[in-house]
Structures are given as C-alpha cells and as structure tokens.
Amino acid sequence: MAVTPSSTRTALIAGNWKMNLDHLQSIAFVQKLAWSLKDARHDFAGVEVAIFPPFTDLRSVQTLIKADDLPLAFGGQDLSQHDSGAYTGEISGAFLAALDAKYVIIGHSERRQYHGESDELIAGKVAAAHRHGLVPIVCVGETAEDLEQHGPSAVPVAQLRVALEGAVKGKEVVVAYEPVWAIGSGQAATSEQAQQVCAALRGVITEALGADAGHATRILYGGSVKASNIAGFMRETDIDGALVGGASLQLEEFASIAQYRKHVGT
Ligand code: PEP
C-alpha cells in the first residue's frame, strides 16, 4: 500500500442500500445518480462514490456500470468467511470478485445485532475479503449503553483490534466508524466526537498494520449523515468519507453528500 499523507487520501462516499431496491429499481437509480453527478461535474478521482445494493442486484448493476463505463464503484453488503461449500444462503467473496465488486461491507451493526456476528467471525470475513482481492469496509461502533459505560472509543477500538487480525498486511482496508446510536436515528455524532474516535482507530490501524497503513487507510464516519452535516465531518483530519444509509436512497440528497466540497464553507 502506498504511503499517502492524510491530505491526499481519496475521499470515499459509500451508500449502503441495505434491503431496499430490487434490481430494476437499482438500475434506474444508478443511471440517474451517474447522470446527476456528471451534470454537476463531480470530481470522481478526488471523491470516490460507491454503492452497496442487495446481492440480487449486483449482476445488473455490474452490467450497467461496465456497459456505460460509469465512474461508480460497488460492493457487497456482506460475505461469507468460507470460500465455497455447504453454507446455504451465504455469499462467497469469490462470487463478489467475479462480479468485479471492489468493496465489501463487513461487521455492519445490523449484522452484529440481528445475525449475532462476533468480532472473531468478522476477522474471518476480513481474511476472506483479502483472499479474494476485495477491499473490506470494516464497521465498528458503540451502542448507547457502551457509550454510557465505557465512553466513545473503547468498544470500537476493541472491535477493530480483533477485526484487523484477519487483515493481510499491505492489502487495503477501509474502516467505518458507525456509532450504533446514530444509525438511522437522525441523531448524528458531532464532528468533534467522531474525529476523536477516528483518531483512536487510526492508532489501532498503525499498531496492527504499520505506519504506512496508518497513514493511507481511509476512515469513514457513518450514522445519520445528510447533505447538511457531511461538510463538518469531512473537515476533520481523520475522517476521509462517509458510509451513508437512509440518505443514500434519496438521489438528490446522496448526490449532494458526494458533492460536499461545494458546501464545505457552509
Ligand atoms: C448505516 O446503516 O450504515 C447508516 C449509517 O445508516 P444511516 O445513514 O441511515 O444512519
């Protein structure tokens, strides 16, 4: 991984569609998003835009992006820690890679909460992503209870330490700090709170993967990001982008989040 000073890390705005939009709806959305960003002369090299549709949409999205040469990245919302075999309902990293997916979200709080995903399982999924040439977006974050009992950094730091045990040194990782209490609540963290935790997470990356990775790794904030608050997060030293849930399903709002440089002064 190249050594990159913090100021030159490419920003990443990622839209997690969760269980929304079927493949036909996804195609229409992707087309309109690409037109809207191109119309706005979006700097795709400076601010990467990635979408995470449901698995059943991925082939259609891949075909469209390839056929129309759209400057959008995409990935899966999860993957199996196994490569193949008797794991009904699971999706192999090999299959995502075969669809040209660049990224895969791992350890989203909804997977941790509704599917009982442990930190160790998440480390196994990070290893699987790297085996298949995918960039894992590793999600960590504290619940409201954790926040009260342990403060803001302790739980995400502990989660990331274990998750990175699965990472291969020299391969890219993206980290998403997503306080669980901020997801879907309309109550985002303040940019100062988020910066404090993201700085601690950068320390964990440096410890686990070395100084080059500490500099180069992109850390996203996620949790009720909107067009009206993205600029504040992006001004922080250790925040390099956003993982966006609800607002990524609203075309104009998501395009405006990606265009945050136009409202950095706001
Ligand atoms: C998420 O689900 O990762 C998320 C950040 O959701 P929202 O933006 O809706 O809070």
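Read-outs: derived from the displayed coordinates by stated rules, not from any lab. In this text the structure is predicted, and so the values were computed from the model without any measurement. As a convention, Cβ positions derive from the backbone with ideal geometry for all residues, glycine included, and neighbour counts pool all protein chains shown.
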| task | Calculate the spin-label point distance for residue 88 paired with residue 38, positioning each point 7 Å from the Cα along the beta-carbon direction, and give it in nanometres. | result | 4.4 nm
| said: Quick check on the exposure proxy: order 44, 254, 55 from fewest to most C-beta atoms within 10 angstrom. | reply: 55, 44, 254
| Gap in Å between the Cα centre of the range 82-149 and the Cα centre of the range 198-253? | 18 Å
| said: Under 23 Å between alpha carbons, and skipping anything fewer than 8 positions from residue 226 in its own chain: which lysines qualify? | reply: 18, 32, 38, 262
| Size of electric dipole in the chain: Cβ of Lys, Arg +1 and of Asp, Glu -1, about Cα centre, debye, nearest 20 | 640 debye
| said: Given axes a ≥ b ≥ c from the Cα gyration tensor, I'd like to know whether the range 4-99 is rounded (a/c under 1.5), prolate (a/b larger than b/c) or oblate. | reply: oblate
| remark: Taking the dipole of the range 1-114 about the Cα centre (Lys, Arg +1; Asp, Glu -1; charges at Cβ), the one of 60, 105, 45 that reaches farthest to the positive side is 45
| Quick one: 87, 103, 177, 114, fewest Cβ neighbours within 10 Å first, how do they rank? | 114, 87, 103, 177
| Which value in deg cm²/dmol, rounded to the nearest 500, describes the helix-derived mean residue ellipticity at 222 nm for the chain, given -39,500 (n - 2.57) per DSSP H run of n ≥ 4 and division by the residue count? | -11500 deg cm²/dmol
| query | Order of 139, 198 from fewest to most other C-beta atoms within 10 Å? | reply | 198, 139
| query | What share of Cα pairs, in percent, lie more than 19 angstrom apart in the range 129-266? | reply | 49 percent
| field | Tail fraction, Cα-Cα pairs, the chain, threshold 26 Å, whole percent | value | 36 percent
| Lys/Arg +1, Asp/Glu -1 at C-beta; the range 144-266 dipole; positive extreme among 243, 184, 215 | 215
